[in-house]
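Read the structure below first, then the notes.
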Amino acid sequence: MTTVDTATDPSPTGATGAFPDAFLWGVAFAANQVEGGFDEGGKGLSQADVIPFRVASDYVDITSLMEASAASIAQAVATPGTDGYPKRRGSDFYHRWESDIDLFAEMGLKALRMSIAWSRIFPNGDDLEPNEEGLLFYERLFLRLREKGIAPVVTMSHYEMPLNLVTEYGGWTNRAVVGLFERYARTIATRYQGLVHYWLTFNEINTTVIEPYTGGGVIAREPDPGVDPRQASYQALHHQFVASASATRIVHDVDPSAQVGCMLARMSHYPASSDPADVVKAQFDNNMNLFHSDVQVRGRYSGHVRRFWRDQGIDVRMEPGDDELLAANTVDFLSFSYYMSLVSSVAPEKYGATGGNLFSTIKNPHLSTTEWGWHLDPEGLRYVLNDLWDRYQVPLFIVENGLGATDVLTGSPADPTMGAPDTRRVHDPYRIDYFVQHLRQVREAIADGVNLLGYTAWGGLDIVSASTSQMTKRYGVIYVDADDDGRGSFDRIRKDSFYWYKRLVDTNGEVLDELMSQKSD
Ligand code: BGP
């Protein structure tokens, strides 16, 4: 297993345009969306285990789909089993991880970006001792990955904290959760020293302000007159920044050679017109996204967000020493997810909207959208890579990118009684094309001189969607035979994109020059 020394050589690519030899090709998923086994192995309930599958007329405005209230949580806690709660079963990785890793090895992957379920290690979050069965589960997984030469890139918290910390502590609004996270971070950094080289602290930390429950375990409460509803989420975010800096220090203390990264959902905003007012609006929107990485890479809050708080009357409580802790414990690399670009204007009503799930934004006339209304913008990825590299000059890592689509399974499973072979197939040329278009832009950015560690395609295998809890919003190159209600064999079927992705890794990206997909049959 190779690791890139990020500290000494800021631009190891030599800008040839080829992917570096040690490029970390991989796939990515999250414990709450893939594992299942929600009440096994000593695991406690997590905030994701109480999000029900809500059938929506159209999965456009999904904010409500990701939220939870005290009432909905109480109902969920009282409901046993997995029916109606897709994240309790995920893709059953908890029981099938060995054969799934064999599939990843078959693809020749160099990296697997995954997360640890905090509630598997500390079931209630404030337990004094960790759950040994949980620690052992990931230890065996990391040992298997090492055997296969696959580097784990491990997120400490991916939209998942013990439910007890949500209901009894108020999630990340409570400063006490920082100390509990530090205990968790020290426990896993110590136990997996030498097995995990790349750590990410919080997944898409900018989600906490956009989706407070999902990002920060902040339950939607009756609005408190006179208090800006965003007060709680910005307070929670500050506590996460403090916890992230502290976890960075802990990992470096435990294993000085380990690398810690932050993780940003990077959505670049383009001005809707050349009207300077639109340009300034887009700059503001970009800065309200980038201030999150400013804190974790540069070690301080930007003037933009401090002014925003002043203007909005948001008063974030900080404790003595917080500024120093943030400044002294910045990350080694910046990782991000890239799915779409957005459009900004001071007069959005002048423009039509995409109606995209998660982010309904102004429709960009130059771009098409996915089935879920997300702008398809491969060139935007080159723009983002150059923008982040120029802004921070720290190594970058694309840890999520991919196309959510409704795939069609054809053929039938093997029938040994009839001697009939398994003829199940998934032809997904649209997904291969998505990868080709985006990765060609990644290669351009490398030629532009961007220092990029790797690329882990979202999903790997089909998993439960974060925003809609659908199984049928599929990202994987491996099909999982299950529907939104969990019906199906959960068999894994290699899609056409599986074979293409294998060639991508085998050729270290040279397949990008070939014409589109190789059919599997
Ligand atoms: C990112 C999350 C992932 C993932 C992905 C796709 O925001 O980090 O957890 O799910 O988006 O989104 P979705 O599953 O909503 O289609």
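Every number here is computed from the coordinates shown, using simple stated rules; none is lab data. On a predicted model such as this, the values are computed, not experimentally measured, just so you know. In this analysis, Cβ positions are derived from the backbone assuming ideal geometry, glycine residues included, and neighbour counts consider all displayed protein chains.
Close amide H pairs (under 5 Å, H built 1.01 Å from N) link TYR338 with GLU400, ASN401, residues at least 5 positions away or on another chain. Modelled label positions at ARG183 and THR406, each set 7 Å beyond Cα in the direction of Cβ, lie 4.7 nm from each other. You can think of it this way: the chain between LEU195 and ARG307 has 36.1 nm of extra reach, that is 0.36 nm per residue less the Cα-Cα gap. Figure the gain on full extension for LYS350 and ARG487 (residue separation times 0.36 nm, minus the Cα-Cα span) and round it to one decimal in nm. Taking 0.36 nm per residue and subtracting the Cα distance, the gain is 44.9 nm. For region 143-283, a/c is not less than 1.5, where a ≥ b ≥ c are the root eigenvalues of the C-alpha gyration tensor, and a/b does not top b/c. That puts it in the oblate class. Here's how it looks for VAL477: its modeled amide H is under 5 Å from those of GLY460, LEU461, which are all 5 or more places away or on a different chain. Ordering of 441-447, 484-490, 390-396 by packing is 441-447, 390-396, 484-490, highest average first (other Cβ atoms within 10 Å, averaged per residue). Taking every full run of DSSP H in the chain, the ones that stretch at least 30 Å from end to end by Cα along their long axis and average -1.0 or higher on the Kyte-Doolittle scale are 230-254. Farthest toward the positive end of the dipole of the chain, out of GLY226, ALA28, GLY313, is the Cα of GLY313, where the dipole comes from beta carbon charges about the Cα centre. Subtracting the Cα-Cα distance of GLU379 and MET418 from their residue separation scaled by 0.36 nm leaves 9.0 nm. Taking amide H positions as modeled 1.01 Å from N, with prolines and chain starts lacking one, the residues under 5 Å from TYR270 and 5 or more places away or on another chain are LEU342, VAL343, SER344. The lysine pair tally for the chain, using Cα distances under 30 Å and a gap of 8 or more places or different chains, is 27. Sorting 462-473, 102-113 by their mean Cβ neighbour count within 10 Å, with the most densely packed peptide first, gives 462-473, 102-113.
Here the residues LEU136, LEU342, ranked from fewest to most Cβ neighbours within 10 Å of their Cβ, fall in the order LEU136, LEU342. Looking at the chain, the DSSP beta bridges with both ends there are about 20 percent antiparallel.
Using only the Cα atoms of region 295-434, build the gyration tensor, take square roots of its eigenvalues as a ≥ b ≥ c, and label the shape rounded, prolate or oblate: rounded if a/c is under 1.5, else prolate if a/b is larger than b/c, else oblate. Because a/c hits 1.5 or more and a/b exceeds b/c, region 295-434 counts as prolate. Evaluated with a Cβ-only charge set (Lys, Arg +1; Asp, Glu -1), region 24-504 carries a dipole of roughly 860 debye about its Cα centre, given to the nearest 20.
Quickly rank 474-480, 312-318, 225-231 as a protection proxy: mean count of other C-beta atoms within 10 Å, highest first.
Going by the mean number of other Cβ atoms within 10 Å, highest first, we get 474-480, 312-318, 225-231.
Anisotropy class assigned to the chain is rounded, per the alpha carbon gyration tensor with a/c under the 1.5 cut-off.
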